[in-house]
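Peer 1: Have a look at this one before I ask anything.
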Amino acid sequence: MEKNINLALEEKKKKFDLTKISLYSQIFTFITLVIFLISSTVIFFYRIKVLNSLDSLKKENETYQLQLSNYKDKEALYLTYLLRLDQIEKILSLRTDYYQIIKEIFNRIPSNTSLYSLAVDKKRNINIKISLLDSANLKVLINNLNNNENKEIVIAKPVIQSVVRKPDKTFEAALSFSLDFK
Amino acid sequence: MMKQMIRKIKDKDILAIAVCVITILIIIILTKFFLTSWTNEIFQIQKKIDNEEKIKMQQLSKLTHLKSVDDESVKKYFNDFEYILPRQKNISLLLSTIGGLGTASGLSIGSIKLSPGVVYPNDDDSKKNSEVIETINFNLALDGDQEQIMNFFNLVNNSKQLLNLININLGVDKENIWHLKVEAESYFAPLPKPNINQMTELSVVSKNQQKALKQIGNLRQLFNVSLLISGSSAAVLNQEPRNPFLTY
């Protein structure tokens, strides 16, 4: 009877071997402690190193700042110069090249047709008044105005506002159109 | 006796396990409070270092750039700016520019009309918004022939003072004299005030600014030339367009 009881106790003893658990936990704790100490030391020294490099960088920058302060006037002059160039470019970008526009319009007006009035507004809307020998010239003019092939300046939406036949059998026409640069 | 021995061993093991658990807990706490804060601090410092590095690079490039800037040539541009885009309403400069255009193109100026508004003799630039470009509108009536009119348009593009034509009206009379009416504007703006601080970047001249410089370069060449040469010969025309005003 006694033997049976002892056997059962021995099995339980195997399941909860405190000595082994204690040994494993000591090993685990030791390893953890070593890792902790190594990593703390590394992090500590790295932190010091990083702090030192930050300090040296700050000192370096202070030196540059000091050097730059000697160029303060030059910097202001240069930046003002760049900003002024921006302003000039802004105005230049608004500019319309009337020389090219007028030249282009003149070139598109056929012979036997006289231009006697031309108005251009800032939206590049153009009104012209022309005098024609006969009505066929009007067709040539419209064809010329519509022909934008290989042209830098594109004429769009030509509209004949009026055509008047005068007593001398010539015609007067008023046209409008808009134009743009390619 | 055996039982006591076993109990002692068990107590020793339990004590060892307890010590281990406590040690682990301490390590966890230390890790939480010290290592984590150190690591975070290192990250923060690293960020500061990156920022300082950035500042260092900027300052270095700024220094190099500033050392390479030729003060004298920049100052010369400021002399040009006084004509191209005056700081104040400079009516006499505008009138002389218009007169110069008339002379150089060969056109006769019928009338000049401008309404510059209030003109302060001692304009205080510091009170003005440096970003604003102000305009002076003016109207011109000019007479001449086709070549002179075309010269005029070309010269406006190359005028030393920036001018922009808004509306034009061109007509011809029976004597084949061209009459040009122009609505135009000239500009003035106080010198811009740059915001200079440690982080102000000193850029090289941008593409747009290069365009302006190119124009100024052209103007430098043309300005003297166009004013010296009078009349029709002042034109820098490539090709003469057909004269559609000639009556058939």
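Peer 1: Quick check: pseudo-label points 7 Å beyond the Cα along Cα→Cβ at A:ASP168 and B:GLU134, how many nm apart are they?
Peer 2: 5.1 nm
Peer 1: From the gyration tensor of the Cα coordinates in segment B:20-72, what semi-axes in whole Å does the equivalent ellipsoid have, largest first, with each one equal to sqrt(5λ)? List each step's numbers first, then the result.
Peer 2: Working: eigenvalues 491, 5, 3 Å².
Each semi-axis is the square root of five times an eigenvalue, giving 50, 5, 4 Å.
Peer 1: I would also like to ask the following. When the Karplus curve 6.51 cos²θ - 1.76 cosθ + 1.60 is applied with θ = phi - 60°, which whole-Hz ³J(HN,Hα) does each residue of segment A:153-166 get, with x for Gly and Pro?
Peer 2: Those phi angles translate into 9, 9, 9, 10, 6, x, 10, 8, 7, 7, 9, 10, 8, 8 Hz.
Peer 1: Once amide H atoms are built 1.01 Å from N in the peptide plane, which residues 5 or more positions from A:THR96, or in another chain, come under 5 Å H to H?
Peer 2: Distant-sequence amide H within range of A:THR96: B:LEU165.
Peer 1: Using Cα-Cα distances under 8 Å and only pairs 6 or more residues apart, what relative contact order does chain A have, in percent?
Peer 2: Across chain A, relative contact order equals 14 percent.
Peer 1: If each DSSP helix of 4+ residues adds -39,500 (n - 2.57) and the sum is divided by the residues in chain A, what number results at 222 nm, nearest 500 deg cm²/dmol?
Peer 2: About -21500 deg cm²/dmol.
Peer 1: Can you sort B:MET150, B:MET57 so the residue with the fewest Cβ neighbours within 10 Å comes first?
Peer 2: Going from least to most buried by this count: B:MET57, B:MET150.
Peer 1: Hey, another quick one. Report, to the nearest 10°, how far helix A:72-94 tilts away from the longest principal axis of the Cα atoms in chain A, using its own Cα long axis and a range of 0 to 90°.
Peer 2: 50 degrees
Peer 1: Search the structure for amide H atoms under 5 Å from the amide H of B:VAL172, placed 1.01 Å from N in the peptide plane, and list their residues when 5 or more places away or on another chain.
Peer 2: B:HIS179
The numbers here are math on the coordinates, done by the rules we state, and not lab data. The model shown is predicted, which means the values in this text are computed figures rather than measured ones. Because the Cβ atoms are built from the backbone with ideal geometry, glycine has one as well, and the counts that use them run over all protein chains shown.
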